[in-house]
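Enquirer: Structure in structure tokens, see below.
Read-outs throughout are calculated quantities, based only on the coordinates presented, and are distinct from any laboratory measurement. Being a predicted model, the structure only gives us computed values, none of them experimental. Note: ideal-geometry Cβ built from the backbone for every residue, glycine included; neighbour counts use all protein chains shown.
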Amino acid sequence: MPWFRREMRASHFAFFMNVPTLLCLGLVLAYPVVYAAYLSVHRVGLAQLRRGEFPFNGWENYGRVLEDPLFWVALKNTLVFTAITVSSEIVLAVLIALLINQTSVWTSRLTRFLILLPYAIPPIANGLIWAFLYSFQFGFLNRILFTAGLISDPVNWAGNPNTALYAVAVPYIWRTLPFAIILVHAALQGIPRELYEQASIDGANAWHRFRHITLPMLRQIIAIILILRTAFAFAVFEEILAITQGGPGDATWVAAWYSYKITFAPPNNFGMGSASAYILALMIGAIALVYMRFIYRRVTL
Amino acid sequence: MTDDLIRKWDLSRRRVIEAMGGAAALGAMGALPAFAQAGGPWSQVPKSKVDRLNFVVWTYGDIYTRISKQFETDWGVKVDATISSFNDHPAKLTTMYAAGEKIDVSQSSPFSFPNFIEQGLVEPLDGLPGAADYVADFSGFTKQVAQFKGKTMGLPYFSAIWVWNYYVDMLEKLKIDKPFSTYEEFIEHCVKAKKDGVSRYPVLWVAGVGLEQLPGTWYQMTWNRGGMFFDKQGNHMLGAGSVARETLKWWANTFEKGLDIADPESLKVQFTSSAKAFGAGKNLYRGPNHHYGLNVANDPAQSPIAGKVKVLGSPGDGKTIADAHVYFLCSANRNKEWAWKLLQYLGGKTKDGNYTQAVSLAKDAMLGSGYNSVMNSDAVKLGWAPWGDVPTLLKIWDQASYIGEACSSVYQPWHFPWTDQLNIEVQKCLTGQITADQCCDNLIKGIADAKRKV
């Protein structure tokens with residue numbers, strides 16, 4: 001039998017099926033990552049980029065980033081932002097997913113559809129929409145609260161350093177929450193109904209069923225959401241750009257905003273910008289490893 | 001029209017009289033800011049050939065569509081435009097440049113320009129046909145931006161001066177017969193407006209993050225009081241007791257933690273958005289800012305209080321600041337001769353010898369010109385009239401100095417990252433997180449940090 005008529009071995013077949021994906025990932029992901037690493041240890045401004053000649057400067061860019069007080073402020077804000085958004089998303093995702101999982105409630109179907117809408121909105125558009133909502137004198141949010149008698153003076157949501165980071169976190173959660181809801185909802189549907197029936201027969205109330213059946217069965221998906229959402233929240237950018245541009249003061253300077261400003265605003269220090277982005281990537285990687293080691297493996301074993 | 005030109009054209013006496021008569025008639029209607037000089041270098045066809053040209057600019061109405069169309073009609077060369085927002089422009093331009101793309105013409109704010117020049121983006125214009133004529137017509141502000149280390153590096157886009165605005169009806173309601181002429185009066189008026197319930201936030205500052213928004217407001221008020229930020233030798237002037245520091249203390253006191261007369265929106269608004277917000281009629285004064293905000297605040301299509309917003313000079317001797325934005329010939333051009341031709345359409349003369357773009361910007365958008373001849377023409381005198389008191393504006397214009405006089409660091413590549421810190425620290429000060437003294441001390445320390453980022 002000629003070789004091309006023979007059935008391919010499963011391992012070879014799997015390899016060839018993975019080649020296109022590997023190629024794509026290599027081109028669009030690995031290359032920029034490696035190139036950014038290269039830039040981060042060279043002196044790279046506009047003139048150097050144009051000429052294609054990058055003088056090597058070792059760890060100097062990393063040193064400059066780590067010496068910059070603004071980088072540490074941005075990092076602190078990023079950590080706070082990530083903690084707020086990821087924890088809120090997980091709690092809300094579980095609650096909402098439980099709600100829309102109630103097939104007996106007819107509105108659940110409608111909610112399931114509507115819940116996806118924010119996810120379809122481009123991040124920058126989402127930021128602009130919320131910037132209008134937050135407007136101090138003319139914003140919809142203050143208007144509602146005022147009409148409802150909840151406030152007597154307008155609140156400067158995005159312009160007050162005490163509330164600005166939360167003001168950015170809310171639109172971010174609003175946009176990304178559907179992703180988490182979908183995952184939790186899918187996981188909920190995989191829990192055998194018999195478990196609940198048996199528990200009911202044994203006299204378990206709703207809270208006990210949630211505590212001893214649902215939550216343990218969701219731990220794996222929660223761990224995945226934790227890893228993914230942490231990585232994405234660390235790199236938040238669009239809402240910052242549209243709503244606060246880092247202000248007021250440095251209240252919403254986050255790590256990705258820092259990298260952007262260093263790189264793309266004159267004097268266009270691409271080397272230092274790459275170094276700051278790399279530090280951020282390494283931190284995300286380290287956190288992901290911690291999650292994998294201490295949470296994901298534990299819940300999947 | 002000069003004798004040389006007449007001899008060159010070999011026109012008959014009758015045709016000269018006809019031409020001059022026609023030009024004078026058009027000039028009287030405001031169509032010509034100065035006599036058009038067809039037949040100058042701007043009307044000559046370059047010897048080389050080019051298929052297309054491009055420019056990279058920030059958005060402003062439809063001016064670029066119109067001028068591109070005119071260029072295509074006049075020269076038969078297609079022009080591609082890459083247009084982004086003002087704040088995104090440096091990133092757009094620099095990434096295109098870094099990626100090796102062809103860029104014939106671009107533009108710059110005065111703050112980015114020294115940096116672009118140092119990075120090799122900008123081609124000098126000296127020696128190009130007609131360049132010397134433009135330079136001879138440059139206004140003082142334009143020279144300080146467009147000429148760098150003795151070389152001419154750009155042609156003017158527009159110039160602007162910092163002025164105050166006030167809402168006439170609100171002043172009348174307060175029974176105050178004239179706007180403030182001292183800073184003490186300014187505070188008095190604002191406190192009264194708040195106390196009488198006429199305005200909850202009597203003053204709207206332009207204190208949004210930017211290169212010349214929040215910083216410009218501080219620069220202007222400091223300069224007006226006789227201070228500066230960096231002297232000509234580059235030494236900072238932010239130490240204890242400095243005018244800049246005292247001005248910041250006074251300014252911060254108008255916000256929530258002090259007199260609480262400043263609109264909290266101040267910390268977000270930019271040039272146009274502040275003019276639009278002021279048009280809502282909720283504030284008495286709008287802090288010193290680009291003069292052309294009147295074009296928005298007094299436009300019935302955009303402002304419910306159109307016609308009621310007046311211009312006001314600054315207290316004391318009326319000193320204020322000004323700046324000029326420029327177009328430049330990019331070193332990544334595809335054909336220098338043609339790129340120069342395109343540059344002139346944006347920042348100089350069109351084929352017919354007119355400053356077409358500068359005149360339409362003055363008439364349509366109230367922008368000041370970088371050319372003396374346009375500033376002295378009806379394009380400004382008549383063109384600005386629908387929006388503001390032109391004699392007052394021109395008087396303020398004469399009292400204005402280029403922003404670089406108040407803050408010489410604008411010529412330094414580290415000015416950009418230092419301004420980032422300035423925006424942060426001053427907003428922290430205005431929101432009561434730090435004092436003006438801490439703010440200025442941090443900014444002094446920040447000079448070294450900014451230099452490290454270059």
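Enquirer: Roughly how far apart, in whole Å, are the Cα centres of segment A:163-177 and segment B:233-260?
Expert: Each part's Cα centre sits 34 Å from the other's.
Enquirer: Roughly how many Å is it from the Cα centre of segment B:37-99 to that of segment B:186-220, as a whole number?
Expert: Taking the Cα centre of each part, segment B:37-99 and segment B:186-220 sit 39 Å apart.
Enquirer: Are there cysteines in chain B with no other Cys C-beta under 4.7 Å, and if so, which?
Expert: Cys with no partner Cβ under 4.7 Å: B:Cys190, B:Cys330, B:Cys407, B:Cys440.
Enquirer: Based on the mean of other beta carbon atoms within 10 Å per residue, what is the order of A:21-29, B:425-433, most packed first?
Expert: Ranking the peptides A:21-29, B:425-433 by packing returns B:425-433, A:21-29.
Enquirer: Please say if segment B:298-421 is rounded, prolate or oblate, where rounded means a/c under 1.5 for a ≥ b ≥ c the square roots of the C-alpha gyration tensor eigenvalues, and otherwise the choice is prolate for a/b larger than b/c and oblate otherwise?
Expert: Oblate.
Enquirer: For peptide A:267-273, compute the average count of partner chain beta-carbon atoms within 10 Å of each residue's beta-carbon.
Expert: The per-residue average across the peptide is 6.
Enquirer: What is the local net charge at B:Ile321, summed over the other residues whose Cβ is closer than 10 Å to its Cβ (Lys, Arg +1; Asp, Glu -1)?
Expert: -2
Enquirer: So how do B:Arg245, A:Arg51 line up by other beta-carbon neighbours within 10 Å, fewest first?
Expert: Ordered from fewest to most neighbouring Cβ atoms within 10 Å, B:Arg245, A:Arg51 come out as A:Arg51, B:Arg245.
Enquirer: What's the center-to-center distance, using Cα atoms, between segment B:350-414 and segment A:81-155 in Å?
Expert: 47 Å
Enquirer: When the Kirkwood radius is taken over all Cα pairs of the protein assembly as shown, what Stokes-Einstein diffusion coefficient follows at 10 °C and 1.306 mPa s, in µm²/s?
Expert: 54 µm²/s
Enquirer: How many Cβ atoms of partner chains, on average, are near each residue of B:414-421 if near means within 10 Å of its Cβ?
Expert: 4
Enquirer: Expected output is a single nm value to one decimal: the length gained when fully extending between A:Leu110 and A:Leu98, i.e. 0.36 nm times separation in residues minus the C-alpha distance. What is it?
Expert: 2.9 nm
Enquirer: Please identify which residues in segment B:273-301 have an amide N closer than 15 Å to a label point set 7 Å out from the Cα of B:Lys395, following the Cα→Cβ vector.
Expert: Flagged as within label range: none.
Enquirer: How large is log10 of I(q)/I(0) for chain B at q = 0.07, 0.08 Å⁻¹ when the intensity is taken from the Debye formula with one equal scatterer per alpha-carbon?
Expert: -0.37, -0.49
Enquirer: May I pose another question? Quick check: from the Cα gyration tensor, does segment A:60-122 come out rounded (a/c under 1.5), prolate or oblate?
Expert: It is prolate, given that a/c is not under 1.5 and a/b is the larger ratio.
Enquirer: Also: Pick out the long, greasy-scoring helices in chain A: whole DSSP H runs spanning 30 Å or more along their own axis by Cα, mean Kyte-Doolittle at least 1.0.
Expert: Those that clear 30 Å and a mean of 1.0 are A:69-100, A:164-189, A:270-291.
Enquirer: To continue, here is another question. Output the Kirkwood hydrodynamic radius of segment A:1-139, Cα pairs only, in Å rounded to one decimal.
Expert: Kirkwood hydrodynamic radius for segment A:1-139: 21.9 Å.
Enquirer: For segment B:144-228, how big is Rg over Rh, using alpha carbon atoms and the Kirkwood form of Rh?
Expert: Here the Rg-to-Rh quotient is 1.12.
Enquirer: Can you pull the mean other chain C-beta count within 10 Å for peptide A:43-50?
Expert: Mean partner shielding for this stretch: 6.
Enquirer: Stretched out fully, how many nm does the piece from A:Arg293 to A:Ser11 gain, at 0.36 nm a residue minus the Cα gap?
Expert: 98.7 nm is the gain from fully extending A:Arg293 to A:Ser11.
Enquirer: Now for a separate question. From the phi of every residue in segment B:77-82, what ³J(HN,Hα) in whole Hz does the Karplus formula 6.51 cos²θ - 1.76 cosθ + 1.60 yield, where θ is phi - 60° and glycine or proline is x?
Expert: 10, 6, 10, 9, 10, 10
Enquirer: Further question: What does the C-alpha gyration tensor say about the overall shape of segment A:63-300? Classify as rounded when a/c is under 1.5, otherwise prolate if a/b is larger than b/c, or oblate.
Expert: Judged from the Cα gyration tensor, segment A:63-300 comes out oblate (a/c at least 1.5, b/c at or above a/b).
Enquirer: Can you tell me the relative contact order of chain A? Whole percent, Cα pairs under 8 Å, sequence separation 6 or more.
Expert: 28 percent
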